[in-house]
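Enquirer: After the structure tokens below, expect a handful of questions from me.
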Amino acid sequence: MEYRLSFALLAGMMFVNNLLWLFFWSLFFNRFPVVNGWELRDVMMLWAVGAGGFGWASVLFGNFHRIAAIVSSGQLDVYLSQPKPVLLGVLASRMSVTAAGDLLFGLAIYAWVGDRSLAGACAFALGLLISGLLFMGVMLIAGCLAFYLGNSEGIASQVFNSFVSLTTYPADIFRGMARIALFSIVPAGFISYLPIGLLRDFDPAFAAGALAMAVGSCLAGAWLFGRGLKRYGSGNAIAMRS
Amino acid sequence: MTGWRFVLRAASGRKAEAVARLTVQQQLAYKTDFLLRSSFLLLILFVFVQLWTAAYGGDSAKVISGFTMKEIIWYLVFTESLTMAAPPLTAKVEEEVKSGDIAVRLIRPMSYLGYHYSAFLSEAAFRCAVHLLVGSAVAWSFVGAPDFGFGWPGFMALSLGALTVAFLLNASVALCAFWVEETAGLQFVLQKLQFTIGGMLLPVDLMPGWLQRVCAWLPFQAALYLPARAAVHYDGAMLLRFAAVQIGWIAVLGALVAFMYRRGVRKLYVNGG
């Protein structure tokens, strides 16, 4: 917090950025009030749970979407010389300032249109947990490709952009194979269906499935990272972390 | 004097052409990056097809604010192609200011803004052409062939003005790097303004009346809405009106950018090197 103004500006801009997306959705729902069962409030909660989940994950574990860059540039050497566990060290050694704006945005939107009862708050907290873990798990798996493919920064960044984009559109606009893919290969549906399956019409089977997918993807990512470490050859980069 | 001016102008044109040629060659060198970017466009357009199909209830004959579902999807192909074509000018200028590389750029025998404009325009035109090919493949397979008559030439005619307005908008944010350390946040906001009131995600015609009146007084629609609208709803008189709007904004934004540059470069100090 040494640079308070810079922090406020960066976090504030991200807050405004998300708000402008909601402005688009408000225009869209002004023209089409109900789309496949979704209303403006549901999309607002989708952004609250998505941005909020991404926010806490990036504030606490800011390197989760930079694994590919760290591995392929040889920066992992620095972490190998530090106390174990390596993965935790890598993830927690960076905090995203802009993501603080995402987290605040999520909480503000929840306070604005969310269910503020105890049950509603618990469901929202669970939604944030699932969303954050899923973002981390998916990006960890994509980032670990760098252990096997070498420079996979481009692919990891594409996975990141695509996954984030897919989590910001209502899950129910997708039909057929696209919907199946959204709940399997690209598990973005477990975030984009949270406003309905967890927050509006609680579906225990969906909630349990989403939690299992979130935890499972993190465990799979951690396992892949461990396996990848055994293959890792030093980047031979003589550098110090500033 | 007139002769000298002509020689100078011809030399400056040749320099701009050389920068444009180098930029396109640079783009061709990074084919993987290009393919990845195009695949992202495929995904985004696929999502939009799903969204608008749901909004129209799958009814291809339904007309909302003058747009059928097919026209909306093709409209989005044009706006997305232009949006994703714009190179990251803000990040480039910010990096040049932070690293001090701007000192080298300023002593080169070519205008700093002119250099960036040539690079921006050539890269954006090249990317836009590729994006149109990719986007057309998606739209064609989901909603059918484009049958917009003179819409394509209409789009081409307004694209140069659209990319110039986009450059000037981005340059006005990029030049803030002379005063503030980080311009990424401002760039985010500019981008989202183009997405929303610029008409990238939603044609301005589908917005509430009060917002349409506000948008008419802002430069954002000159970069996206006007060329895309001219493509799907071509009309000769409208094309001329749209071109006049673009020229007006180019004059206003051009003056603003030139003013910012003159003020900014005067307070610039580069240490070391």
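Enquirer: Given the range B:223-266, report the % of alpha carbon pairs whose separation exceeds 11 Å.
Expert: Taking all Cα-Cα pairs of the range B:223-266, the fraction more than 11 Å apart is 69 percent.
Enquirer: Mind pulling the angle between the C-alpha long axis of helix A:40-60 and the longest principal axis of chain A? Nearest 10 degrees, somewhere in 0 to 90.
Expert: 20
Enquirer: Kindly express, to the nearest 10 degrees and within the range 0 to 90, the angle between helix A:4-31's C-alpha long axis and the longest C-alpha principal axis of chain A.
Expert: It works out to around 40 degrees.
Enquirer: If you rank B:H233, B:H116 by fewest surrounding Cβ atoms within 10 Å, what's the result?
Expert: Fewest-to-most ranking of B:H233, B:H116: B:H233, B:H116.
Enquirer: Here is a further query. Using all C-alpha to C-alpha distances in the range B:77-236, build P(r) with 10 Å bins and read off the rounded percent in each one.
Expert: Percent of Cα pairs in each bin: 10, 35, 33, 16, 5, 0.
Enquirer: Using only Cα atoms, what is the ratio of the radius of gyration of the range B:137-215 to 2.2 N^0.38 Å?
Expert: 1.43
Enquirer: While we're on this one: Would you kindly give the portion of the calculated P(r) for the range A:139-230 that falls above 22 Å, as a percent of all Cα pairs?
Expert: 34
Enquirer: Here's a follow-up. May I ask for the equivalent-ellipsoid semi-axes of the range A:171-218, computed as the square root of five times each C-alpha gyration tensor eigenvalue and listed largest first in whole Å?
Expert: Those come to 16, 15, 7 Å.
Enquirer: Now a separate question. Roughly how large, in nm² to one decimal, is the mean projection of the convex hull of the alpha-carbon atoms in chain B?
Expert: For chain B, the mean projected area of the Cα convex hull comes to 16.6 nm².
Enquirer: Convert 10 °C to kelvin, take the viscosity as 1.306 mPa s, use the Kirkwood radius over C-alpha pairs of the range B:40-79 as Rh, and evaluate the Stokes-Einstein diffusion coefficient in µm²/s, rounded to a whole number.
Expert: Once the numbers are plugged in, D ends up at 155 µm²/s.
Enquirer: Still on this structure, I have one more. Counting other C-beta atoms within 10 Å, which of B:M156, B:M200 has the fewest, and how do the rest follow?
Expert: In increasing order of surrounding Cβ atoms, one gets B:M156, B:M200.
Enquirer: From the square roots a ≥ b ≥ c of the eigenvalues of the alpha-carbon gyration tensor of the protein assembly as shown, which class results: rounded (a/c under 1.5), prolate (a/b over b/c), or oblate?
Expert: Cα axes put the protein assembly as shown in the oblate bin.
Enquirer: If you don't mind, another one. Suppose we flag chymotrypsin sites (Phe, Trp or Tyr not before Pro) only when DSSP calls them loop and at most 13 other Cβ atoms lie within 10 Å. Which is the longest uninterrupted stretch of chain B?
Expert: B:31-178
Enquirer: To continue, here is another question. Could you tell me the distance between the Cα centroids of the range A:22-54 and the range B:58-82, to the nearest Å?
Expert: 21
Enquirer: Measure nothing fancy, just the Cα-based angle from helix A:118-143's long axis to the longest principal axis of chain A, in degrees from 0 to 90, nearest 10.
Expert: Once rounded, the angle reads 40 degrees.
Enquirer: Over all directions, what mean area does the Cα convex hull of the range B:58-103 project, stated in square nanometres?
Expert: 4.8
Enquirer: Now for a separate question. Rg/Rh for the range A:4-231 to two decimals, with Rh computed the Kirkwood way over all alpha-carbon pairs.
Expert: 0.98
Enquirer: Here is a follow-up. Show me the helices of chain B, taken as full DSSP H stretches, that run 20 Å or more along their long axis by Cα and average 0.0 or above in Kyte-Doolittle hydropathy.
Expert: B:31-55, B:69-85, B:112-143, B:151-174, B:236-266
Enquirer: Straight-line reach from B:K98: which aspartates and glutamates have Cα under 19 Å away, leaving out those fewer than 8 places along the same chain?
Expert: List returned: B:E181, B:E182.
Enquirer: Now, a different point. Pulled fully out, how much extra length does the chain show between B:V180 and B:L22, if you take 0.36 nm times their separation in residues and subtract their Cα-Cα distance?
Expert: 53.8 nm
Enquirer: Could you work out how far apart the two model spin labels at B:R262 and A:I185 are, taking each label as a point 7 Å from the Cα in the direction of the beta carbon, and quote it in nm?
Expert: In this crude spin-label approximation the distance works out to 5.7 nm.
The numbers here are math on the coordinates, done by the rules we state, and not lab data. Only a predicted model underlies this, so the values are computations on that prediction, with no experimental measurement involved. Methodologically, a virtual Cβ is constructed for each residue, glycine included, from the backbone with ideal geometry; neighbour enumeration extends over all protein chains shown.
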